[in-house]
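*Asks:* Before we start, here is the structure in question, set down as structure tokens.
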């Protein structure tokens, strides 16, 4: 199976925190959950993959290209990173201008920029918000616009940092559908979550981080049966139960 | 536009006779001309010229002037204080308990000149920016080869100063909700200092993340930003500017041109 992302004996250290000997793969078209308690290194892992941080040792390959200074711009065209807080990403005055920021930076001609923006806003169901100021949206709307800004660059891999955090059930359900549709188009997805629901119902595989160490990388079924692993994902909580009800799952 | 600092036009692309790059360059040249004036009458003439051109090009004066009015204190500071510090010709003197307070003619003139320059420059740039969208402004600066690091800082500033003000306000409200009552002046200053300090700290962290997210979407080295290009009409803009410079060099009163 072709690897979209290949993490090989990765080490990283920052102040009190460190990632140690992390080995992990994301296969082409795969949807993988990266779970772990707060401070376990999930976001750091994402930042290393996208080249915002540099590892102390080890390597990361994206579509067989090593993540390093020389290749970073090409890699970032293929990998979209959705920040946990949409306010960290949205900065332009209006939705259209923010979503158009990436395609413009890619040097696309204006008509192609228009097309990409229209397409991505349509995918996230925000076409009616095109002229809305970005600071006049709810958290859920802002999150969808932030996602539109990422997919407007047509990445092949999506890194989603807590994509459902702070959303209500209808909005979570909408986000699940949006990401599922993107995945159906062949995009590989690596996402972090604290909730077992999104693991059970959504992931092809799971990687578990604990204190900067990867303690598991494999099938979801096996992970769900191991209490030691499940301790890192949070409990089967009210949110999971209600989400199942909301989406009509057994 | 709500909480954004500058009066950019909303939407995708604006329909202007001139390209955003030319508007930025022309405003800069006009700004330099304005800043070099040392006579009140020539400064006033140039401000009138800016207002006339702005009105002819349908500038949103209400937005522009309401933003310019926020600099009122800075302008008044120069006009009201300079007369007391500089000059020889006594305009008037007031007896105060600790002696004589003397206002000088030259100081007043200089204060008015500085005040008019500030007002003229602010109005000029705000009016120019009100004719383009943020994207077009970035495109114009990119065409002018402004480094990405400078552009990035500018964009973050435009986004975060209003957020910074809002956050300070929210923190102040949160303090009040937890029983904080405004005490004496010293206590107020201490509290405000803490609020400003912590919001700056938070804004700094956040601006780093925003810059990271911008680089992830291709901002900076390695990728292309389409510049705003130039239009054929731009030549008219620069002919007008050249004429203005010639008139000023020949010391012809600008009022003649206006009438």
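We did not get these values from a lab; they are worked out from the coordinates using the rules stated. Quantities reported herein were computed from a predicted structural model and do not represent experimental measurements. When we count neighbours, we look across all protein chains shown, and the Cβ atoms used for this are built from the backbone with ideal geometry, even at glycine.
*Asks:* So what are the three principal axis dimensions of region A:1-148 from its Cα atoms, in whole Å, longest to shortest?
*Replies:* Principal extents (largest minus smallest coordinate, Cα): 46, 32, 27 Å.
*Asks:* Using a basic spin-label model with each label point 7 Å from the Cα along Cα→Cβ, how many nm lie between residue B:89 and residue A:70?
*Replies:* The two pseudo-label positions are separated by 7.2 nm.
*Asks:* While we're on this one: Rank these for me by crowding, B:104, B:86, going from fewest to most other beta carbons within 10 Å.
*Replies:* B:86, B:104
*Asks:* What order do you get for B:206, A:244 when you list them from fewest to most C-beta neighbours inside 10 Å?
*Replies:* A:244, B:206
*Asks:* Let me know the shape class of region B:1-116, please: from the alpha-carbon gyration tensor, a ≥ b ≥ c as square roots of the eigenvalues, rounded when a/c is under 1.5, otherwise prolate if a/b is greater than b/c, or oblate.
*Replies:* prolate
*Asks:* Before anything else, pin down the relative contact order of region A:3-246: Cα pairs under 8 Å, at least 6 apart, normalised by residue count, whole percent.
*Replies:* Normalised by residue count, the contact order of region A:3-246 is 27 percent.
*Asks:* Here's something else I'd like to know. When a/c is below 1.5 the answer is rounded, else prolate if a/b is larger than b/c, else oblate, so apply that to the protein assembly as shown with a ≥ b ≥ c taken from the square roots of the Cα gyration tensor eigenvalues.
*Replies:* The shape class here is prolate.
*Asks:* Calculate, in nm to one decimal, what residue B:144 and residue B:249 gain on full extension: separation in residues at 0.36 nm each, minus their alpha carbon distance.
*Replies:* Going from the current span to full extension adds 35.1 nm.
*Asks:* Could you order peptides A:31-40, B:139-148 by the average number of other Cβ atoms within 10 Å of their residues, highest first?
*Replies:* Per-residue Cβ counts within 10 Å, averaged per peptide and sorted highest first, yield A:31-40, B:139-148.
*Asks:* How much of the DSSP beta bridge set in the protein assembly as shown is antiparallel, as a percent to the nearest 5?
*Replies:* 60
*Asks:* Would you list B:117, A:65 from fewest to most Cβ contacts within 10 Å?
*Replies:* Fewest-to-most ranking of B:117, A:65: A:65, B:117.
*Asks:* So if we plug the beta-carbon distance of residue A:54 and residue B:189 into 1/(1 + (r/R0)^6) with R0 = 35 Å, what FRET efficiency do we get, rounded to 0.05?
*Replies:* FRET efficiency, residue A:54 to residue B:189: 0.25.
*Asks:* Shape of chain A from its Cα gyration tensor (a ≥ b ≥ c, root eigenvalues): rounded if a/c is under 1.5, otherwise prolate when a/b > b/c, or oblate?
*Replies:* In terms of gyration-tensor shape, oblate.
*Asks:* Another question about this same structure. With a Förster radius of 56 Å, plug the Cβ-Cβ distance of residue B:105 and residue A:222 into 1/(1 + (r/R0)^6) and report the FRET value to the nearest 0.05.
*Replies:* 0.05
*Asks:* Further question: In nm, to one decimal, how far is the residue A:23 label point from the residue A:139 one, both placed 7 Å along Cα→Cβ?
*Replies:* 3.9
*Asks:* Hey, another quick one. What does the helix-only formula give at 222 nm for the protein assembly as shown: each DSSP H stretch with n ≥ 4 adding -39500 (n - 2.57), the total divided by the residues, and the result rounded to the nearest 500 deg cm²/dmol?
*Replies:* -16500 deg cm²/dmol
*Asks:* Another one. So how far apart, in nm, are the two label points at residue A:38 and residue B:48 if each is 7 Å from Cα heading toward Cβ?
*Replies:* 6.5
*Asks:* Report the calculated FRET efficiency for residue B:70 and residue B:201 (r = Cβ-Cβ distance, R0 = 35 Å), to the nearest 0.05.
*Replies:* Given R0 = 35 Å and the Cβ-Cβ separation, E is 0.85.
*Asks:* So in chain A, what percent of DSSP beta bridges are antiparallel if you round to the nearest 5?
*Replies:* 55
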